[in-house]
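Bear in mind these aren't lab numbers, they're just calculated from the coordinates by the rules spelled out. As the structure is a prediction and not an experimental result, all values here were calculated from the model. Positions of Cβ are backbone-derived with ideal geometry, glycine not excepted, and every protein chain shown enters the neighbour counts.
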Amino acid sequence: MKWEEIYQSLSIQERMIIDIAEAYKVDLTELANLLVQKQENGTNLNEVIYGIS
């Protein structure tokens, strides 16, 4: 699949995120990794607070 086909298949919001990331030279892989870490930290915090294991 070509990039243009993939890009066109995305939602408007997803395309906007990509366009803004390209304009500001944001590394989307790094951003995705940071979001995963944030989510994992939130999960760990909930486990501590609510005793979930």
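Quick notes on this structure:
- Gain in span if fully extended, V36 to Y7, counting 0.36 nm per residue against the direct Cα distance: 8.1 nm
- Sum of side-chain charges, Q8 neighbourhood, beta-carbon under 14 Å (Lys, Arg +1; Asp, Glu -1): -2
- (i) 4, 16, 29, 30, 14, 6, 1; (ii) 4, 17, 15, 18, 14, 9, 9, 9, 4, 1; (iii) 4, 16, 10, 11, 10, 10, 9, 7, 7, 5, 5, 4, 3, 0, with the label sought being that of the calculated P(r) over Cα pairs in 5 Å bins from 0, in percent: (ii)
- C-alpha long axis of helix 12-23 to longest principal axis of the chain, angle in °: 80 degrees
- Over the residues of the chain, the helix contribution to mean residue ellipticity at 222 nm works out to -25500 deg cm²/dmol, using -39500 (n - 2.57) for each DSSP H run of at least 4.
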